[in-house]
1. In the Gaussian network model of chain A, springs joining C-alpha atoms below 10 Å, which of A:Leu17, A:Leu36, A:Leu95 carries the largest mean-square fluctuation?
2. Among A:Lys151/B:Lys91; B:Lys91/C:Lys91; A:Lys91/C:Lys91; C:Lys42/C:Lys62, which pairs are too far apart, with a Cα-Cα distance over 18 Å?
3. Above 13 angstrom, tally the Cα pairs of region B:1-44 and express them as a % of all pairs, no decimals.
4. Using a 10 Å cut-off around each Cβ of peptide C:96-102, what is the average number of partner chain Cβ atoms that fall inside?
5. Cβ neighbours within 10 Å, averaged per peptide: list B:8-16, B:68-76, A:82-90 in order, most packed at the top.
6. Only residues of region B:109-151 count here: report those whose backbone N is under 20 Å from the spot 7 Å along Cα→Cβ of B:Leu14, or say none.
7. Quick one: compute the contact order of chain C, relative version, from alpha carbon pairs under 8 angstrom and 6+ residues apart, as a percent.
8. List the chymotrypsin sites (Phe, Trp or Tyr not before Pro) within region A:77-151 that DSSP assigns to loop and that have no more than 15 neighbouring Cβ atoms inside 10 Å.
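Derivation of every value follows stated rules applied to the coordinates shown; laboratory data play no part. These numbers come from a predicted model, not from an experiment. Please note: Cβ atoms are built from the backbone with ideal geometry, for glycine as well, and neighbour counts cover all protein chains shown.
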Amino acid sequence: MSVYDKLKQLDIVLPPLTAPVAAFVPFVRTGNLLFLSGHLAKRAGKPWVGQLGVQITTADGKQAARNAAIDLIGTLHAAAGNLDTVSRIVKLMILVNSAPGYTEQHLVANGASELLVEVFGDAGAHARTSYGVAQIPFGSCVEIDLIAEVK
Amino acid sequence: MSVYDKLKQLDIVLPPLTAPVAAFVPFVRTGNLLFLSGHLAKRAGKPWVGQLGVQITTADGKQAARNAAIDLIGTLHAAAGNLDTVSRIVKLMILVNSAPGYTEQHLVANGASELLVEVFGDAGAHARTSYGVAQIPFGSCVEIDLIAEVK
Amino acid sequence: MSVYDKLKQLDIVLPPLTAPVAAFVPFVRTGNLLFLSGHLAKRAGKPWVGQLGVQITTADGKQAARNAAIDLIGTLHAAAGNLDTVSRIVKLMILVNSAPGYTEQHLVANGASELLVEVFGDAGAHARTSYGVAQIPFGSCVEIDLIAEVK
């Protein structure tokens with residue numbers, strides 16, 4: 001099944017490529033690798049603000065990570081031209097805006113990991129590192145960057 | 001000397017590959033590069049819990065980083081098939097669970113860096129980034145990910 | 001225009017390659033990629049100490065990020081032999097030592113991003129991830145690592 005069929009089946013509409021807010025670009029290709037910039041979790045088009053362990057629950061954080069992953073897939077679509085040429089999601093770095101005592105970053109991260117496996121199948125199985133950070137630009141609760149391999 | 005001889009000389013027994021606790025994999029190979037997932041520091045098979053500058057001393061943190069590096073070598077063995085085909089440890093990211101005033105993350109990180117040089121010799125000399133994070137999954141004191149090059 | 005002419009025009013003198021303070025190296029080359037270690041922001045040769053949102057303003061943090069970028073360019077010069085062979089700045093990770101409520105990491109990061117575009121032109125347009133960390137070695141206010149592609 002094409003990645004686009006799978007997205008349709010999941011009722012996921014990819015966003016247009018967001019213009020970067022500063023002197024950088026959403027992705028760079030080098031050889032067969034695509035390096036994507038950190039994508040902030042958004043809700044209704046705006047940064048999803050808050051800290052895990054304070055205003056944001058693990059369940060909401062997981063949804064926020066899923067939202068960021070949808071935006072990453074949108075950027076991958078723009079970068080690769082065709083998502084069916086993405087041969088592997090290589091690595092995710094998942095940053096969780098965390099209060100001092102909050103230790104469930106891996107559960108939040110699953111929101112992104114599970115979606116990528118749903119959408120890309122075996123090619124979506126990735127290495128990842130998730131952890132709690134002190135803050136994220138605009139106060140977002142989650143930020144994710146990604147490395148992918150294209151054919 | 002083979003990497004395995006060196007490990008034996010250091011009395012290091014590699015752990016079996018740990019099954020991932022979520023929707024991701026311990027490593028991904030792309031071209032000649034291996035990207036390993038973040039590995040939590042463990043003690044007696046469980047996450048080594050605590051924060052540097054609170055319950056964990058720099059000396060213990062260094063030992064925790066060394067423990068995580070042993071697990072990373074175990075994953076490299078599973079990924080490469082044969083550790084003697086690892087041509088370079090390219091990059092380490094070393095995350096230290098840090099209280100606000102704790103600034104010795106580089107000393108903690110040396111626990112991993114020194115072991116990799118001991119085990120792999122010149123091929124073990126790596127670039128690295130170490131810093132203090134707000135939290136780590138399961139409350140671990142150290143988390144490390146790694147990029148390696150294989151022949 | 002050569003990268004060196006551009007640096008001269010900007011009155012930037014590259015520092016000599018700093019000896020690493022621990023068991024790692026300033027950069028590793030694998031294939032056409034250079035992975036540079038995390039570089040601490042310095043002022044007058046010493047770590048620029050402080051936290052954004054406490055002692056360090058966004059404007060000073062931006063200058064600190066620019067300083068770290070100059071040191072990264074110095075390391076790139078040592079790594080590539082000739083900066084004009086750098087075909088692309090691929091990815092930056094920009095760590096900002098942040099007080100809990102500080103959310104302008106992206107503005108701090110621009111200090112590095114803008115300089116790289118000034119110096120390398122189109123080849124300087126990079127992917128990046130910036131966020132707030134709990135601490136940085138030696139208490140530095142900013143730390144940056146970088147991946148570049150060489151011809």
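1. A:Leu17
2. On the way: A:Lys151/B:Lys91 25 Å; B:Lys91/C:Lys91 14 Å; A:Lys91/C:Lys91 14 Å; C:Lys42/C:Lys62 12 Å.
Distance filter (> 18 Å) returns A:Lys151/B:Lys91.
3. The calculated P(r) of region B:1-44 puts 70 percent of pairs beyond 13 Å.
4. The per-residue average across the peptide is 5.
5. Descending packing order for the listed peptides: B:68-76, A:82-90, B:8-16.
6. Those under the cut-off are B:112-126, B:144-151.
7. Relative contact order of chain C: 36 percent.
8. none
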